[in-house]
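Right, one structure below, let's go through it.
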Amino acid sequence: MIWSKNETLSRAEIEKIQLERLIETINRVYEKVAPYREKMDKAGVKPTDIKSLQDLSKLPFVTKQDLRDNYPYGLFAVPTNEIVRIHASSGTTGKPTVVGYTQKDLEVWTECVSRIACMGGAKKEDIAQICFGYGMFTGALGLHYGLEKIGASIVPSSTGNSEKQIMYMKDFGTTLLVATPSYALRLAEVAREIGVDPKKDLKVKIGLVGSELLTDAMRQEMYKAWGEDMLVTSNYGMSELMGPGVSGECEYLDGMHINEDFFIPEIINPETGEVLPEGEKGELVITCISKEALPLIRYRTKDITRLIYEPCKCGRTFVRMENLSGRSDDMLKIRGVNVFPSQIEEVILSFSELGPHYEIIVEREGYNDKLSIRVELVSSTDSFAVLENLSKKVRNKLKTILGLDCKVMLESPNTLQRFEGKAKRIRDLRSK
Amino acid sequence: MVAKQLSVFIENRQGRLGEVLAVLKENGVNILSLSLADTTEYGLLRLIVNDSQLGKEMLSKEGFSTIVSDVLVVKIDHKCGSLQGLLTILSKENINVEYMYGLSLDGDQASVVIKTSHPEKAMEILKAQKISTLTNEDLKDM
Ligand SMILES: [Zn+2]
């Protein structure tokens with residue numbers, strides 16, 4: 001089901017709405033938010049210079065650092081008495097980034113999430129268990145209100161106590177699961193440990209996964225764990241922009257439709273900042289065009305993707321962003337080639353003989369960069385031919401995907417370091 | 001019943017072989033014979049032990065990648081040409097030999113550990129030729 005008629009507007013109609021809302025937003029932030037005014041003045045651009053969507057590229061970027069510099073409310077465009085909700089994302093270093101919502105912002109957020117939930121197959125009849133952590137994190141409450149608006153029955157079970165989660169699923173007849181892909185896989189594992197077969201004993205048929213990269217290999221793992229007939233869609237967002245609901249996959253699983261009446265996407269070269277032509281891969285930059293409290297302009301998401309403007313089979317006309325290739329922060333440049341750890345991960349996960357943990361080592365030998373990948377061998381053999389054949393196959397597949405030759409080092413299980421939080425899988429030994 | 005060989009994957013890192021041997025010793029697994037083959041990157045340690053299943057369990061618990069596979073342990077006489085005769089018999093029957101190494105027995109007897117294609121069939125062939133092989137049960141008592 002398509003939730004809003006806006007999702008099927010023609011390109012001309014979408015652009016008309018975008019331009020109106022962009023001009024309104026730029027005028028408003030220039031008037032009300034001092035740091036924006038200073039940034040624009042410094043860049044020599046006035047609100048009146050914005051006459052077309054192309055003029056967007058004249059405006060300066062906003063980064064996470066700007067949010068930190070103006071902690072906590074410095075970039076808000078409304079007085080705090082109009083703010084009805086505050087969320088924050090935990091920064092790994094220093095202060096968190098704080099985001100605020102007016103009443104209208106919450107309505108828009110709910111609308112956006114209802115749309116992406118419908119794209120992912122959610123219906124009024126669904127019993128939706130939300131296994132995202134409730135709290136300062138936007139994920140749980142975002143999905144909560146969006147699904148509630150559709151009429152689904154919400155089970156706000158949050159994270160943790162996985163055995164109890166399985167009990168709720170079984171007893172309440174949960175049909176829709178909201179979780180990160182890795183937690184969804186963990187839950188299936190716990191179910192089996194306590195003698196519950198997710199495919200037979202549970203009714204979960206829809207997975208709305210987010211807040212983590214969903215690689216194709218992980219999607220396959222989801223089918224294996226929860227059943228081939230599960231509809232697993234990923235959705236995208238970040239608290240700075242609103243939370244979940246910026247974009248989501250439809251049932252055709254070919255990119256995430258961006259809610260273009262609320263967000264304008266651009267793709268830039270992360271090194272030069274220049275806007276890239278349609279269809280090219282680069283960093284996603286988003287401009288919020290109808291937010292009252294925190295309307296970020298040209299926010300650098302650091303996420304790498306490309307935009308697909310071709311019509312989608314589902315009938316929606318909103319542009320799609322390809323499932324993320326990684327973060328520009330994590331991108332490695334090796335012999336002039338851009339390499340994302342996620343590409344390497346995908347190759348590794350495609351071999352059942354290898355474990356999911358890996359380490360990427362980049363060294364310099366003379367004038368040449370050398371790439372080595374350490375992986376754990378989880379299968380066993382007494383034959384050299386099998387081992388050599390395996391390293392060769394992994395190496396060839398990496399070469400096809402990365403366009404680079406590398407060395408594959410097989411290790412015993414449990415040799416590589418494990419991480420509880422964000423994994424550190426890259427060792428760049430080249431002197432900068 | 002054929003004999004069982006325990007193989008352990010070891011990356012070429014200082015002390016890994018010693019770690020394997022220590023695990024086996026601590027659990028009372030007796031090594032009857034071993035062969036270590038390696039490349040620049042990793043090695044395969046192949047062992048004939050008195051209890052391959054226990055060895056595998058203990059090594060897996062310690063994070064080693066191990067496998068138990070079927071091999072032939074064939075008794076041969078200490079005399080010229082006996083090994084060649086054995087190989088001729090197998091090759092006539094289209095049994096492929098992947099690798100082999102020695103295992104000494106008490107007294108005058110010697111034996112070889114042979115990894116072949118179709119181990120069960122190879123064993124039948126040898127039996128028909130009145131060539132004796134050691135089974136897993138025999139190894140348990142050694
Ligand atoms: Zn679609």
Averaged over B:55-67, how many beta carbons belonging to a partner chain fall within 10 Å of each residue's beta carbon? 3
With the alpha-carbon atoms as the only input, what is the per residue convex hull volume for the range B:22-142 in Å³? 128
Write down the Å³ per residue value for the convex hull defined by the alpha carbon atoms of the range B:3-70. 75
How many percent of DSSP beta bridges within the range A:201-285 run antiparallel, rounded to 5? 70
Shape call for the range A:262-327, from the Cα gyration tensor axes a ≥ b ≥ c (a/c under 1.5 means rounded, otherwise prolate when a/b beats b/c, else oblate), comes out oblate
Roughly speaking, what is the centre-to-centre gap between the range A:151-190 and the range A:210-239 when only Cα atoms are used, to the nearest Å? 14
Whole-number D in µm² s⁻¹ for the range A:231-360, Kirkwood Cα-pair radius fed into Stokes-Einstein, 20 °C, 1.002 mPa s: 135
So what's the gap between the Cα centers of the range A:363-391 and the range B:24-82, to the nearest angstrom? 24
Rounded to the nearest 5, what % of DSSP beta bridges with both residues in the range A:332-428 are antiparallel? 60
Which ³J(HN,Hα) values, rounded to whole Hz and listed in residue order, are derived for the range A:398-405 from phi using the Karplus coefficients 6.51, -1.76 and 1.60 in 6.51 cos²θ - 1.76 cosθ + 1.60 with θ = phi - 60°, glycine and proline given as x? 5, 5, 5, 6, 8, x, 9, 8
Give the residue list of trypsin sites (Lys or Arg not before Pro) in the range A:300-359 that are DSSP loop and have at most 11 other beta-carbon atoms within 10 angstrom. A:K313
Within straight cross-link reach of B:K140, meaning Cα distance under 26 Å, which lysines are found once same-chain residues fewer than 8 apart are removed? B:K4, B:K25, B:K56, B:K61, B:K75, B:K115, B:K121, B:K127, B:K130
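Suppose R0 equals 56 Å; then what is the FRET efficiency for A:M136 and A:K392 from their Cβ-Cβ distance, rounded to the nearest 0.05?
Efficiency computed from Cβ-Cβ geometry: 0.70.
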Tell me, in nm to one decimal, what length is gained between A:F172 and A:K281 on full extension, where the rule is 0.36 nm per residue of separation less the Cα-Cα distance? 34.9 nm
Quick check: residue separation of A:V337 and A:Q65 times 0.36 nm, minus the Cα distance between them. What number comes out in nm? 95.2 nm
Nearby lysines by direct alpha-carbon distance to A:K281 (threshold 17 angstrom, same-chain neighbours under 8 apart not counted): A:K302, A:K333
Spin-label model distance (nm) - A:E38 vs A:Y367, 7 Å beyond Cα toward Cβ: 4.5
Using the Karplus curve 6.51 cos²θ - 1.76 cosθ + 1.60 with θ = phi - 60°, what ³J(HN,Hα) values do you get for each residue of the range A:351-366, in whole Hz, with x for Gly and Pro? 9, 5, 6, 10, x, x, 8, 7, 9, 9, 10, 10, 10, 10, 10, x
Could the peptides B:14-27, A:14-27 be put in order, highest first, of the mean number of other beta-carbon atoms found within 10 Å of their residues? A:14-27, B:14-27
Losing no less than 50 Å² of accessible area (probe 1.4 Å) relative to the isolated chain, the residues of the range A:371-386 are A:S380, A:D382, A:F384
Tell me, what % of the accessible area of chain A is carbon and sulfur with a 1.4 angstrom probe? 50
Extent of the range A:332-428 along each principal axis, from alpha carbon coordinates, in Å, largest to smallest? 38, 34, 23
Buried accessible area, chains A and B (both chains, 1.4 Å probe, Å² to nearest 100): 1500
Out of every Cα-Cα pair in chain A, what percent are more than 29 Å apart? 51
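Would you mind getting me the FRET efficiency between A:K124 and A:K58? Use the beta-carbon distance for r and R0 = 45 Å, nearest 0.05.
For R0 = 45 Å, the calculated efficiency reads 0.50.
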Rg in Å to one decimal, and Dmax rounded to a whole Å, for the range A:298-346 via C-alpha atoms: 13.8, 42
Two decimals is fine: what is log10 I(q)/I(0) at q = 0.13 Å⁻¹ for the range A:57-162, from a Debye sum with one equal scatterer on every Cα and no solvent? -0.60
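What GluC sites (Glu not before Pro) does the range A:94-136 have in DSSP loop regions with at most 13 other beta carbons within 10 Å?
A:E125
Averaged per residue, what accessible area in Å² does the range B:71-140 show with a 1.4 Å probe, protein chains only? If you can, show how the numbers build up before the last one.
On the way: 4020 Å² over 70 residues.
I get 57 Å² per residue for this part.
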Here the alpha-carbon Rg of the range A:103-238 over 2.2 N^0.38 Å rounds to 0.97
So in the protein assembly as shown, what percent of DSSP beta bridges are antiparallel if you round to the nearest 5? 75
Pairwise label distance in nanometres, A:S383 with A:N269, each label 7 Å out on the Cα-Cβ vector: 5.0
Accessible area per residue of the range A:1-326 at 1.4 Å probe, in Å²? 41
Fully extended contour minus Cα-Cα distance, from B:T88 to B:T135, at 0.36 nm per residue: 14.7 nm
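When the gyration tensor of the range A:1-123 is built from Cα positions, what are the square roots of 5 times its three eigenvalues, in whole Å, from largest to smallest?
Sorted largest first and rounded, they come to 27, 23, 13 Å.
The values are calculated or read from the model by the stated rules, or taken from the named source; none is laboratory data. Owing to the predicted nature of the structure, the values given are computational and were not obtained by experimental measurement. Using ideal geometry, Cβ is built from the backbone for each residue, glycine included, and neighbour counts are taken over all protein chains shown. These area figures cover heavy atoms from the full protein model, side chains too; ligands, DNA and RNA do not enter into them. Shrake-Rupley method; radii C 1.70, N 1.55, O 1.52, S 1.80 Å.
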